[in-house]
Amino acid sequence: MKHLLVLLLFFMLACTTQETPIDQVLQNGQWIDLSYDFSDETIYWPTAETFKFDTVFAGFTDSGFYYTAYQYCAAEHGGTHLDAPIHFAEGKKTIDQLSISQLVGPAAVIDVSDKALDDRDYQVSAADFQAWEKTHGKLPDGSIVLLRTGSGKFWPDRETYMGTAELGPAAVAKLHFPGLAPDAATWLVENRKIKALGLDTPSIDYGQSTLFESHQILFKENIPGFENVANLEKLPETGAFIIALPMKIKDGSGGPLRIVAFLP
Ligand SMILES: [Zn+2]
């Protein structure tokens with residue numbers, strides 16, 4: 001009888017401490033938040049509506065309970081956000097049409113911060129991807145490519161982050177920040193199978209771009225973009241797993257993005 005009790009206890013303990021592989025993986029890793037919060041400091045394109053946050057109610061009601069609610073309003077494209085392919089490619093996917101499987105995957109972090117901090121008009125080249133591949137091997141199919149330009153250290157100072165603090169249409173010509181060169185975008189879509197491309201600047205195309213060709217090239221292939229991605233300096237060049245889930249706006253061309261990285 002005593003042996004049976006011991007045996008029973010053993011099985012009960014074994015059951016309660018039994019972990020599935022996914023639990024084990026999640027408990028032995030680290031989450032890194034790659035999103036900025038939204039506030040009146042959030043950086044938007046110079047011509048876009050910024051984030052407005054108004055109090056509906058905050059405090060104790062006449063009935064005696066505490067209650068808080070706000071309302072917000074903003075352009076789709078600002079802060080940490082996703083660009084849906086339709087943003088620059090007719091007939092391509094809207095933000096609600098992107099599958100979850102396209103928005104999660106292994107990260108390939110391409111570090112060009114040395115060059116991009118030196119030259120704020122720097123455009124990431126195919127040679128930068130090829131240099132990454134020399135060290136880490138061919139960009140795996142299904143990668144989420146993240147360009148680390150080092151610009152995150154300037155956030156949320158508009159002047160240093162994007163080249164001008166001015167607002168309005170005249171400010172657009174004064175934008176200076178790094179981006180992806182169009183021929184590098186072409187190299188990616190013709191030679192590799194990536195799920196998405198993100199970076200730590202306001203736009204996939206560099207600040208001085210007028211035709212936004214890298215947007216056009218990627219979006220024509222239904223490859224979405226992540227812009228103003230935070231904390232890229234905390235990611236290794238390989239090994240992180242990305243989950244990038246945007247606000248699901250029906251027919252939207254973009255929207256606020258909660259993007260996180262998991263380091264197993
Ligand atoms: Zn955008």
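Taken together, the values in this text are just the output of simple stated rules run on the coordinates, not laboratory data. Owing to the predicted nature of the structure, the values given are computational and were not obtained by experimental measurement. Cβ sites come from the backbone with ideal geometry, for glycine too, and all protein chains shown count toward neighbours.
If you scan the range 146-201, which residues turn out to be closer than 15 Å to Phe212 by Cα and acidic (Asp, Glu)? Hit for the range 146-201 is Asp183, nothing else.
All of Leu117, Leu139 fail the test of being among the aliphatic types (A, V, I, L, M), out of contact with any His (no Cβ under 9 Å at 6 or more places or on another chain), more than 16 Å from the ligand (Cβ to nearest atom) and assigned to a loop (DSSP other than H, G, I, E, B), apart from Leu139. Quick check on the range 208-227. Is at least one of its residues crowded, with 16+ Cβ neighbours inside 10 Å, free of Cβ contacts under 8 Å to residues at least 60 places away in the same chain and closer than 18 Å to Gly78 by Cα? Yes, the range 208-227 has at least one match.
Without any contact (Cβ under 8 Å) to a residue 60 or more places away in the chain, among the hydrophobic types (A, V, I, L, M, F, W, C) and more than 24 Å from Gly239 (Cβ to Cβ): is that true of Val189 in this structure? Against the criterion (without any contact (Cβ under 8 Å) to a residue 60 or more places away in the chain, among the hydrophobic types (A, V, I, L, M, F, W, C) and more than 24 Å from Gly239 (Cβ to Cβ)), Val189 qualifies. Take the range 88-100 and flag every residue that is over 17 Å from the mean Cα position of the chain (by Cα) and within 12 Å of the ligand (Cβ to nearest atom). The one that is over 17 Å from the mean Cα position of the chain (by Cα) and within 12 Å of the ligand (Cβ to nearest atom): Phe88. Which ones in the range 202-243 are among the aromatic types (Phe, Trp, Tyr), under 18 Å from Pro106 (Cα atoms) and within 15 Å of the ligand (Cβ to nearest atom)? Correct list: Phe226 only. For the condition part of a helix (DSSP H, G or I), of a type outside the set (Phe, Trp, Tyr) and crowded, with 17+ Cβ neighbours inside 10 Å, Ala131 does not qualify.
Return a yes/no flag: does the range 35-45 have any residue that is crowded, with 20+ Cβ neighbours inside 10 Å, assigned to a helix (DSSP H, G or I) and either aliphatic (A, V, I, L, M) or within 16 Å of the ligand (Cβ to nearest atom) (or both). So far as the range 35-45 goes, no, none of its residues is crowded, with 20+ Cβ neighbours inside 10 Å, assigned to a helix (DSSP H, G or I) and either aliphatic (A, V, I, L, M) or within 16 Å of the ligand (Cβ to nearest atom) (or both). Can you name the residue in the range 51-87 that is more than 14 Å from the ligand (Cβ to nearest atom) and part of a loop (DSSP other than H, G, I, E, B) and, of all such residues, is nearest to the chain's Cα centre (by Cα)? Once the filter is applied, the top-ranked residue is Phe51.
For the range 169-192, the tally of residues that are assigned to a loop (DSSP other than H, G, I, E, B) and either within 14 Å of the ligand (Cβ to nearest atom) or more than 17 Å from Asp128 (Cα to Cα) (or both) stands at 3.
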